[in-house]
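The values are calculated or read from the model by the stated rules, or taken from the named source; none is laboratory data. Because the structure is predicted, anything quoted here is derived from the model rather than measured. Don't worry about glycine lacking a Cβ; one is built from the backbone with ideal geometry, like all the others, and counts go over all protein chains shown. Quick note on the areas: whole protein, heavy atoms, side chains included, nothing else; ligands and nucleic acids left out. Shrake-Rupley method; radii C 1.70, N 1.55, O 1.52, S 1.80 Å.
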Amino acid sequence: IFFLRSFTIEPALGPLEAAAACHGIRVESMVGEFNAHVQEIIDADSRLYSSDPDVIVLAIQSRDLVPGIYLDFADQTAEQIAASVRDAVGSFRQWLDMVRSRTQAHVIIHNLECPEFPVVSPMDGQDPHGQQAAIRDLNRSLVELVSEYQGVHVLDYDSLVARHGRSRWHDHRKWLTMRMPLAADSLVPLAGEWLRFLVAIAGRSSKCLVCDLDNTMWGGIIGEDGINGIDLGVEYPGAAYQQFQRAVLDLYQQGVIIAICSKNNMDDAMEVIRDHDGMILKEPHFASMRINWQDKVQNLREIAEELNIGIDSLAFIDDNPVEREMVREMLPEVTVIDVDPSDPIGHARAVRENPMFSRISLSEDDRRRGQMYAEQRQRMDLQTSSTSMEDYYRSLEMVADIGLVDDARLARVAQLTQKTNQLNMTTRRYSEQQIQEFASADDSHVYWINVKDRFGDNGVVGVMILRDQGDTWEFDTFLMSCRVIGRTVETAMLATVAEHARAAGATKLAGSFIPTRKNPPAQAIYESHGFKKISESSEE
């Protein structure tokens with residue numbers, strides 16, 4: 001990560017690197033010269049570009065970028081304020097054009113923070129042309145600007161400062177003496193906000209949140225208290241559990257799979273889920289349910305197997321510290337979320353603050369993921385009732401659409417390369433800007449496949465990136481979502497590419513399989529479709 005900055009950020013880098021390591025991400029931090037971000041962006045030979053970073057963070061203070069608004073607002077005319085906003089947005093555009101022309105790194109831009117004390121307080125909050133309004137207008141323009149670029153993201157620094165308290169965030173003595181504006185208590189929250197982006201960029205986000213029920217989803221023990229005795233409603237303490245369910249539902253709407261793992265009687269638990277007026281989460285929201293007296297470690301393994309995702313894709317929340325510790329000990333790959341059973345108000349915050357659910361883009365497939373898993377349960381029921389696999393395939397009435405990547409599917413294609421592990425021949429990870437580069441090149445082709453069946457639309461579930469070498473088309477990437485494994489989709493993908501390659505004059509298809517701990521399901525794909533092994537090596 002290369003940090004371009006107008007203030008001292010070095011004390012926050014240690015907490016960032018430590019927190020990232022806890023999430024399996026090794027961070028090497030490089031920091032540009034103090035307040036030299038413009039020179040480093042303009043100079044094509046600067047250390048910014050020669051270091052070839054994966055991520056660039058641009059952290060510029062309001063006082064440095066728009067001093068007329070932040071420091072001298074009372075002396076400015078409305079025309080001067082508007083000009084300052086235009087000039088700042090123009091500077092960001094110039095910088096992004098230069099950065100994007102020289103590197104495909106992800107770019108994270110801090111937006112601008114409002115002052116702790118507006119110049120004309122308290123009237124500023126009533127003035128649509130006031131100091132805070134000017135900075136917020138600039139921030140809105142920044143969001144609109146970055147939407148024009150691939151792989152550029154806005155970190156809402158103003159909201160981060162506000163959440164933790166403007167007066168507590170800054171240390172004015174340190175700022176005046178050593179140009180370090182941050183108070184000591186601000187370092188970890190700032191590192192945590194950077195981490196949220198890194199987890200998403202590195203593809204480390206959890207795919208599934210597995211929830212306990214008693215004293216987690218609702219207050220009390222359903223087997224002892226009964227449906228009328230548990231706490232779940234608009235009044236405290238039931239309101240705290242509703243707030244938790246709302247936080248979980250928000251994750252569901254962002255594409256996180258929701259599952260249940262509870263030691264309980266199934267009938268008792270389902271009565272609450274189906275009939276209790278206080279339930280925000282309903283039965284269709286849960287992609288998998290393990291409500292039994294089996295140990296939770298085994299249940300978590302079964303949930304991962306049923307959903308066809310890796311154990312390391314699970315996050316687990318339970319009020320019982322003994323259950324949490326057992327999962328940590330037996331399944332260290334699972335993200336375990338700690339909550340205090342004596343303070344249910346903290347349950348929702350624990351979910352919302354966890355970086356493992358971070359998202360930096362949201363596709364239509366993400367929004368529909370919960371519905372897709374409900375449809376998947378129907379497919380599994382159909383498979384159980386079918387007399388043969390051929391009958392099952394025919395009864396699904398599958399239709400595949402295959403095409404070359406376009407702007408509408410770019411984000412989803414990149415996301416699949418970053419998150420797909422099991423049926424992924426090479427496990428190469430690509431950003432949106434890298435996928436765009438492949439798509440724009442004359443010697444490469446990027447295909448997507450969308451699969452529909454009688455139960456619904458699975459969305460974009462497969463990606464193929466091929467390098468066109470004339471006589472030979474070689475797979476750089478061949479991957480498929482776990483949602484459609486075992487349904488002959490891979491055959492349709494390979495057949496389509498073979499047809500296109502033949503039409504272009506090629507006579508061979510070639511591909512590599514790079515084994516990982518998670519992709520054994522992909523190992524036999526090529527051979528089962530007529531490919532012949534020509535070499536084997538310990539090197540990629």
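Taking amide H atoms as placed 1.01 Å from N in the peptide plane, the amide H of SER288 lies under 5 Å from those of ILE260, each 5 or more residues away in sequence or on another chain. Partners of LYS532 within straight-line reach, counting aspartates and glutamates whose Cα lies under 15 Å from its Cα and excluding those fewer than 8 residues away in the same chain: GLU474. Quick one: Debye curve from the alpha-carbon atoms of region 234-309 only, equal weights, vacuum; give me log10 I(q)/I(0) at q = 0.16, 0.20 Å⁻¹ to two decimals. Log10 I(q)/I(0), no solvent term: -0.65, -0.98.
Between GLY462 and ILE449, SER481, the built amide H atoms are under 5 Å apart, and every one of these is 5 or more places off in sequence or on another chain. For region 500-509, the Karplus equation 6.51 cos²θ - 1.76 cosθ + 1.60, evaluated at θ = phi - 60°, returns couplings of 5, 5, 4, 5, 8, x, 7, 10, 9, 10 Hz by residue, with Gly and Pro reported as x.
Length available on full extension from THR8 to SER444: 0.36 nm per residue minus the Cα-Cα distance, which gives 152.6 nm. Rounded to the nearest 0.05, what FRET efficiency do ARG328 and GLU353 give with R0 = 25 Å and r taken as the Cβ-Cβ distance? Could you check? After rounding, the FRET efficiency stands at 0.85. The tail of the calculated P(r) for region 168-259, taken as Cα-Cα distances beyond 23 Å, holds 53 percent of the pairs. Which percent of the accessible area of the chain is formed by carbon and sulfur heavy atoms (probe 1.4 angstrom)? Ligands and nucleic acids excluded, carbon and sulfur give 48 percent.
From most to least packed by mean Cβ count within 10 Å, the peptides 480-492, 399-411 give 480-492, 399-411.
Counting only Cβ charges, +1 for Lys and Arg and -1 for Asp and Glu, the dipole size of the chain around its Cα centre is about 680 debye.
Relative to the current alpha-carbon distance between ARG301 and GLN39, full extension at 0.36 nm per residue lengthens the span by 89.1 nm. Using the average count of surrounding beta-carbon atoms within 10 Å as a protection proxy, the listed peptides 237-246, 213-222 rank, highest first, as 213-222, 237-246. Counting only Cα atoms, the size of region 1-46 along its three principal axes is 35, 21, 8 Å, in decreasing order.
Rounded to the nearest 20 debye, the dipole magnitude of region 91-135 is 420 debye, with +1 charges on Lys and Arg beta carbons, -1 on Asp and Glu beta carbons, and the Cα centre as origin. Based on alpha-carbon atoms, the Kirkwood radius and the radius of gyration of region 15-164 give Rg/Rh equal to 1.00.
In terms of overall dimensions, region 81-240 has a Cα radius of gyration and Dmax of 22.0, 67 angstrom.
Scalar couplings 3J(HN,Hα) for region 123-140, obtained by applying the Karplus form with A = 6.51, B = -1.76, C = 1.60 to θ = phi - 60°, are 5, 4, x, 9, 9, x, 10, x, 5, 5, 4, 5, 5, 5, 4, 5, 5, 5 Hz; x denotes Gly and Pro. Among 456-466, 164-174, the peptide with the highest mean count of other Cβ atoms within 10 Å heads the list, and the full ranking is 456-466, 164-174.
The distance between label points at SER535 and LYS452 comes to 4.4 nm (points 7 Å beyond Cα on the Cα→Cβ vector). Placing pseudo-labels 7 Å out from each Cα toward the beta carbon at GLN383 and ARG93 gives an inter-label distance of 5.2 nm. Averaged per residue, the chain has 46 square angstrom of accessible surface, using a 1.4 angstrom probe with ligands and nucleic acids left out.
Choose one of TRP218, PRO11, GLN94: the residue whose Cα lies farthest towards the positive end of the charge dipole of the chain (beta-carbon charges +1 Lys, Arg; -1 Asp, Glu; about the Cα centre). Farthest towards the positive end: GLN94. Estimated from the Cβ-Cβ distance and a Förster radius of 60 angstrom, the FRET efficiency linking ALA78 and SER50 is about 0.85.
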